[in-house]
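What follows is calculated from the coordinates using simple rules that are stated; it is not laboratory data. The structure displayed is predicted, hence computed values, not measured ones. Reconstructed Cβ throughout: ideal geometry from the backbone, glycine too, with neighbour counts over all protein chains shown.
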Amino acid sequence: MPVPIRHIAVALTLCCALLAGSTAYAAGHDTSQRNPTAAVAAAEPSPSTSAEKQKFAKTRFVANAGLAAGAVYQWIYKPYKAGKFKKGAHGRKLTLVKAGLAGAFAYNRLKAAARNAKGDPTLSKAIAPITAGIESLKSLPAKLRKGDGSAANDFNDVINKVKDAGKNAGAEVKNKVPSLSEVKNGS
């Protein structure tokens, strides 16, 4: 259905009036007196004490490590134990795709957990020896595709080491299985 010309003219006139009014208002105010650093500093909330910052770091560590542990258990370790990675297994391709996504998700969450651990002195000491193990997870999805079962055990070993390090530092990690959509999105 065609729009009458007078509707277009009214809309165009209103847009021009709004644009002219806003530029006139901005020109009338001196913007050089504003302090842009104050606006930036206020935009980023920060913990008020170092103890509060450490508490949040520990909480984020537990959440990220728990998500990684849940993803590895649900989509890598359980299918491995069920024999779904073996050649000729029913649903092997779909299982491998899910395992690959879960592996990438777990790697991402473990890297985030390692960053979170740096905010807490106790956790940073406990997690430092495990960071090399987290880096070694990069090569494991290729092993899974080839049907190498040791990859599932390697994932599980790194997860268990992270859980133990967290427990020793007073941050017990429990599996939290993310949904498949969270794994797909990398959340």
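Would you confirm whether any residue within the stretch 101-109 is of a type in the set (Phe, Trp, Tyr), crowded, with 21+ Cβ neighbours inside 10 Å and more than 13 Å from Gly66 (Cα to Cα)? Steps first, please.
Kept after step one, since they are of a type in the set (Phe, Trp, Tyr), are these residues of the stretch 101-109: 105, 107.
Imposing the further condition that a residue be crowded, with 21+ Cβ neighbours inside 10 Å reduces the set to 105, 107.
Remaining after also requiring more than 13 Å from Gly66 (Cα to Cα): none.
So far as the stretch 101-109 goes, no, none of its residues is of a type in the set (Phe, Trp, Tyr), crowded, with 21+ Cβ neighbours inside 10 Å and more than 13 Å from Gly66 (Cα to Cα).
Just checking, how many residues over the stretch 128-150 are at negative phi and touching a residue at least 40 places away in the same chain (Cβ under 8 Å)?
Here is the first cut: in the stretch 128-150, the residues at negative phi are 128-146, 148-150.
If we keep only those that are touching a residue at least 40 places away in the same chain (Cβ under 8 Å) too, we end up with 141, 144-145, 149.
Qualifying residue count for the region: 4.
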Inset, instruction - Look through the stretch 164-186, keep the residues that are surrounded by fewer than 13 Cβ atoms within 10 Å (Cβ to Cβ) and without any contact (Cβ under 8 Å) to a residue 40 or more places away in the chain, and return whichever of them is farthest from Arg109 (Cα to Cα). - result: Lys167
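Considering only residues that are under 12 Å from Gly66 (Cα atoms) and not β-branched (Val, Ile, Thr), look in the stretch 144-163 and name the one that is surrounded by the most Cβ atoms within 10 Å (Cβ to Cβ).
Step one: list which residues in the stretch 144-163 are under 12 Å from Gly66 (Cα atoms), which gives 159-160, 162-163.
Retained after the next criterion (residues that are not β-branched (Val, Ile, Thr)): 160, 163.
Working: Asn160: 13, Lys163: 20.
Taking the candidates together, the pick is Lys163.
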